[in-house]
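J.: Dropping a structure here in structure tokens format, bear with me for questions.
The values are calculated or read from the model by the stated rules, or taken from the named source; none is laboratory data. Worth saying up front: this structure is predicted, and the values here are computed from it rather than measured. Please note that ligands, DNA and RNA were not included when accessible areas were found on the heavy atoms of the full protein model with its side chains. Shrake-Rupley method; radii C 1.70, N 1.55, O 1.52, S 1.80 Å.
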Amino acid sequence: MSRSAVFLDEMGVGPLWRLRQGAAAEAVDVVEAPVEMEVAVAAPMAEAAQAVTEVVAEVAAAVVAEVVAEVKAEVPVTVAATPVPVAEPDDTAWFDDAPPPPPAKQLSDTDIAALDWEGLTAAVAKCARCDLCKTRKGVVMGRGDRQGAWLMLASSPSRTEEREGRALPGEQGKLLDNMLKAIEVDAGRDVYITHLLKCRPLDEAGQERLPTESESAACRPYFDRELALLQPRTIVTLGSMAAAGINPGEKPVRGKVRQLGNASVVATFHPEMLLQDETGKAKARAWADLCLAKSAHGDSHGE
């Protein structure tokens with residue numbers, strides 16, 4: 001059986017009958033029948049032909065695909081690598097057009113004068129009232145008894161104090177504690193220690209220097225607020241800069257009691273200088289200063 005016969009048989013189409021070779025065609029006298037037969041047979045034949053065409057096309061496509069796959073598997077094909085475009089960095093140029101964030105609001109002198117201890121500490125930490133905020137590594141707020149009757153006042157923090165964030169740490173603090181203990185003052189209960197400036201002044205070379213008048217004036221409201229909150233009875237200035245800075249314009253004199261509001265003020269040496277004193281003369285003078293402070297502390301309150 002031929003492939004055409006198989007396709008026709010699968011589709012339910014009967015065999016095509018053909019005349020044998022040499023056989024004569026029979027005469028047919030019917031007029032309408034041939035037309036009807038032609039119409040009846042022509043439609044199935046057209047459908048069969050169309051179906052055969054579609055089947056052949058599908059088979060041919062499958063064969064071609066199989067052959068192509070085999071060729072690809074056997075023959076390596078070199079494909080030119082298409083360069084992958086390098087990802088462009090995010091374009092952030094438009095940020096340049098954005099306005100800079102507003103600076104932290106700086107408190108006025110009046111605002112600072114109304115702060116409590118916690119607010120004062122927070123304000124000092126983010127202060128930008130002078131250019132020292134650009135070079136500092138940290139601020140140094142006062143420490144000790146916030147109801148203490150004694151105030152120990154230095155000028156500005158040292159490198160060690162700035163690094164540790166603590167006024168008079170280490171050997172300096174121990175020496176001061178022993179000095180106060182010698183005049184029967186409990187350094188852990190009745191003493192507050194602070195600086196006139198809360199930042200360490202540096203020159204262009206990164207070396208410590210004396211504070212300028214503008215720097216001292218910018219930081220003064222913080223000290224004034226500490227003083228108002230603490231209300232000490234006696235202030236002992238440590239070093240010549242603190243003695244001169246506590247009352248600007250007034251020349252400090254050792255061995256003399258001065259007044260700052262209701263507090264008695266006595267000047268003495270900074271503990272750092274006393275640690276470097278090999279002769280003992282400065283320590284002897286410091287002892288005399290502390291005895292004077294102790295006397296003024298008691299006399300001014302009828303003790």
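J.: How much length would be gained if the chain were fully extended between Q259 and K126, taking 0.36 nm per residue of separation minus their Cα-Cα distance, in nm to one decimal?
T.: Extra length from Q259 to K126 when fully extended: 44.7 nm.
J.: Sorting R163, R200 by accessible area (1.4 Å probe), largest first, what list results? Write out the running numbers ahead of the final one.
T.: Numbers: R163 160, R200 10 Å².
Greatest to least solvent exposure: R163, R200.
J.: Taking a threshold of 25 Å on the Cα-Cα distance, which of the pairs K198/K251; K126/K181; K126/K251 fall above it?
T.: Over 25 Å Cα-Cα: K126/K181; K126/K251.
J.: With every protein chain present, what accessible area does H270 have (1.4 Å probe, heavy atoms only), rounded to the nearest 10 Å²?
T.: 40
J.: What full-extension length gain, to one decimal in nm, is calculated for A284 and L229 as 0.36 nm per residue of separation minus the Cα-Cα distance? Walk me through the numbers on the way to the answer.
T.: Working: separation 55, 0.36 × 55 = 19.80 nm, distance 3.29 nm.
Length gained, A284 through L229: 16.5 nm.
J.: Using only C-alpha positions, report the orientation-averaged shadow area of the convex hull of the range 123-210, nm², one decimal.
T.: 6.1
J.: Could you state how much accessible area R220 has, in square angstrom rounded to the nearest 10, with a 1.4 Å probe and all protein chains kept in place?
T.: 50
J.: Give the carbon-plus-sulfur fraction of the accessible surface of the range 150-266 in %, rounded to a whole number; probe 1.4 Å, heavy atoms of protein chains only.
T.: Working: 2570 of 5430 Å².
Answer for the range 150-266: carbon and sulfur cover 47 percent of the accessible area.
J.: From the C-alpha gyration tensor of the range 154-303, pull out the three semi-axes of the equivalent ellipsoid (sqrt of 5λ each), sorted largest to smallest, in whole Å. Spell out each step's value before the answer.
T.: Details: eigenvalues 112, 73, 45 Å².
Each semi-axis is the square root of five times an eigenvalue, giving 24, 19, 15 Å.
J.: Between the range 269-297 and the range 145-186, what's the alpha-carbon centroid distance in Å?
T.: Centre-to-centre distance over Cα atoms comes out at 14 Å.
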